[in-house]
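Everything below concerns the one structure shown next.
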Amino acid sequence: MSNPVLELQAADTMADQLRHRRETLAEREAVQAAKNALLRWNTARTATRRRVDELGGEIQRIEDDAATLDKQRTRLQGQLKTVIAPREAEALMHEIATLTTRRGEFDEAELMAMEEQTRLESELADLLAQEESLTADYLGAEAALAAAETDIDGELARIADRLGGLRGAVDKALLKQYDRLREHFVVAAANLSGTRCDGCHLDLSAAEIDEVKDTAANRGGLADCPHCGRILVL
């Protein structure tokens, strides 16, 4: 029959392993990956939409400036028809030419802005089309994680139900020693397998074996490992 302290250790070890598995579930990594994908998507969507809006304002400003310039050029062309002095006519023609050059620059700037806006609007449409799929991936990953956690939590609950009885079967003084050791070691109680402690995996000398056997004879088959201090079950 297994020693009660070893049964307690086995149950605690199982619970430790389950808690570790719960924290390192592949489903948890899948949730984080899906969340990161959503965050990257949201960042790209926000930046693209902001730039599209900026370009809309920029195009509107160019068109307003161009309209103002056209009015100035029309006014000067009207004045040119009424002047007689060659020098005055030359000055007006030069100013009209300058305005015409600027008008061409406005047209080029507007064309470049509109081309960028068209490209980004296409990118934004592609991004918006990804929202449903990315959201579904994230929600699906969360559901899978929740299901995996629920399964483990159920196993932990069953072990917790057993632990009360297992702890009650261990001598109080031994239980106190066990709990103290558990604060420092994952494994507080281990078998002596041949000459090796299954806790620290170190071999005991012949003299140490004799000593723990003498101790175990008076402690119901229990002794302390001379290397690590764990409870040894012989």
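Within the set Thr101, Thr82, the sole residue that is modelled with pLDDT under 95, in a helix (DSSP H, G or I) and more than 30 Å from Met14 (Cα to Cα) turns out to be Thr101. Here Arg28, Arg45 are screened, and the one residue that is within 30 Å of Arg162 (Cα to Cα) and among the basic types (Lys, Arg) is Arg28.
Residue-level check: of (1) outside the structural domain of Trp41 (by TED's automatic domain parsing); (2) buried (at least 16 other Cβ atoms within 10 Å of the Cβ), Leu134 misses just (1).
The values are calculated or read from the model by the stated rules, or taken from the named source; none is laboratory data. Bear in mind that the values here come from a model prediction, so they are computed numbers and not experimental data. Don't worry about glycine lacking a Cβ; one is built from the backbone with ideal geometry, like all the others, and counts go over all protein chains shown.
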